Amino acid sequence: MDRRRFAIRTYGCQMNVHDSEKLSAVLDGAGLSPTPDESQADLLVINTCSIRDKAEHQLYSDLGKLRQWKAERPGRLVGVGGCVAQQVGDRLLGRFPQVDFVFGTHNLRRVPALLRDAAAGRRAAWIDEDATRGRFDLPLARVEPAGGPRRRAFVTVMEGCDMFCSFCIVPSTRGREISRTARDIEAEVRALADAGVVEITLLGQTVNAYGRHDVRRGRAEDAGTMPFAELLARLDAIPGLERIRYTSPHPLFFDEALIRAHGELERLCPQVHLPVQSGSDRILEAMRRRYDRRRYLGIVEALRTARPDVAITSDLIVGFPGETEEDFEQTLDLVREAGLVDSFSFKYSARPGTAAAGLGGEVPPEVAQDRLERLQSQQREQTLAYHASRVGERARVLLDGASRRGGGQVMGRDRHNRVVNVDLTPGTTAGPGDALDVVIVGATPHSLLGRPLAAGNSPDPR
Ligand code: SAH
Ligand code: SF4
Ligand code: F3S
């Protein structure tokens, strides 16, 4: 009999993307086969995000359309996981008869059992918090990117968040902080490197808080964890690996050892995504971010001293309750002063159960929209200026695939994590997984343009 096929729709951050990879491996182990084509699937899983109201509503809009998909073939099943599943739980089953099962962010391993029950007509939701390290024991993701060997991979080092920023729903959708053992992380990275992976991105909601609770309680040795900078040094020594990144760190845990690591570790990329959220101390305080603008700018300066070419990017929120024009101008100013190479910026969205949801002082939507546009236009200029400053430099580009711009172009990322489009010279072939040495010849606000230095692709992706 044919294996049943599943498709996964993924929304949200890299943790969700990686959870979908893990879930693929779990479903594969349960006898199902992946398909990228939902019209061929017997099971559709939606891995949801709840970070802003719009992300949550995406689920409800998807579910509306899925009634038709289910009707097209009897026996089709729909599962909902991720942060909305964790937040809303079994009320999803009550509201949406088209949903067959719901699983929380700690319950990927339960999905085969939920699926069996759902196939027998028993709909269920499983959203218990699993506070043990056992939840990291999942089969290694085996997803191959289309058309090439796997060169990049995500590796979970910690999960959960204990920071409770006043605007953020993540502490309630991902639960308490828990770190994997360094041994397990190292073993996974070695296995990936042996399989040809050259770039890893370490993942955690506050990734550089890795091991902090164990270290503070003097229990790191028993727990098998260590400070984040030490973990990086261990991974840096793994043969075959070429690029190490991590996301997202929190400024509060950016200690001297981590800054030093950026100057010392050869494989650690000259790039840090360091969310700041606001440039106003008053707003930072109301956001409960536990640092001020001086501290943030101090980290940026120290990083630049350790690693002069480091590319720093960030996340920003505009229109937080009580944000005045002056507060907002301080954000514009910080973006400039920090020399942010790029940023993701969002309009504040009130989330259920968060501390900020109860604050007064809402910023009118049109004011928030105007601030967002001003911020993004300033950032575009800064990004363009940074890209322009790179023209004439050499760069090594790890290719992802054909360029979005089509033509004879391929696309990849440099060590600074910037997108580089490369014009292939006639007769050259290079595809996903290859690395190309290029000279930067052009710059737009979105990407760099590169020209291959030597004819032919480099067989060595490092
Ligand atoms: N752990 C990371 C952020 C994860 S969420 C950190 O501490 O920085 C990704 C980004 O979404 C956040 O950095 C923030 O900019 C944005 N975000 C989170 N909650 C939001 C909300 N309620 N409204 C608007 N943006 C939000
Ligand atoms: Fe959310 Fe703050 Fe935790 Fe980041 S550190 S996930 S913004 S609560
Ligand atoms: Fe969204 Fe959950 Fe990530 S809310 S941003 S998918 S941690």
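The values are calculated or read from the model by the stated rules, or taken from the named source; none is laboratory data. Bear in mind that the values here come from a model prediction, so they are computed numbers and not experimental data. Glycine also receives a Cβ, built like all others from the backbone with ideal geometry; neighbour counts cover every protein chain displayed. When the accessible area is computed, the model is the full protein with side chains, heavy atoms only, and any ligands, DNA or RNA have been set aside. Shrake-Rupley method; radii C 1.70, N 1.55, O 1.52, S 1.80 Å.
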Meets criteria (open to solvent by 50 Å² or more (accessible area, probe 1.4 Å), within 16 Å of ligand 1 (Cβ to nearest atom) and of a type outside the set (D, E, K, R)) for PRO426: no
Residues located in the stretch 162-186, provided they are open to solvent by 30 Å² or more (accessible area, probe 1.4 Å), touching a residue at least 60 places away in the same chain (Cβ under 8 Å) and more than 10 Å from ligand 3 (Cβ to nearest atom): PHE164
Residue satisfying all of: in the stretch 192-217; within 16 Å of ligand 3 (Cβ to nearest atom) and open to solvent by less than 10 Å² (accessible area, probe 1.4 Å); farthest from ALA182 (Cα to Cα) among these: THR206
Pair list, Cβ under 7 Å, 6 or more apart: the stretch 232-243 residue basic (Lys, Arg), other residue outside any loop (DSSP other than H, G, I, E, B): ARG234/ALA182; ARG234/GLU186; ARG243/GLU199
Qualifying positions in the stretch 333-364 - open to solvent by 20 Å² or more (accessible area, probe 1.4 Å) and either more than 13 Å from ligand 1 (Cβ to nearest atom) or without any contact (Cβ under 8 Å) to a residue 12 or more places away in the chain (or both): ASP333, ARG336, GLU337, GLY339, ASP342, ALA357, GLY358, GLY360, GLY361, PRO364
Scope the stretch 288-330; condition of a type in the set (Ser, Thr, Tyr) and touching a helix residue (DSSP H, G or I) at 6+ places or on another chain (Cβ under 7 Å); matching residues: TYR291, TYR296
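Listed residues GLU301, GLU266; which is charged (D, E, K, R), more than 16 Å from ligand 3 (Cβ to nearest atom), at pLDDT 95 or above and touching an Asp or Glu at 6+ places or on another chain (Cβ under 8 Å)?
GLU266
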Candidate set from the stretch 13-32 (those that are more than 10 Å from ligand 3 (Cβ to nearest atom) and in a loop (DSSP other than H, G, I, E, B)); member that is surrounded by the fewest Cβ atoms within 10 Å (Cβ to Cβ): GLY31
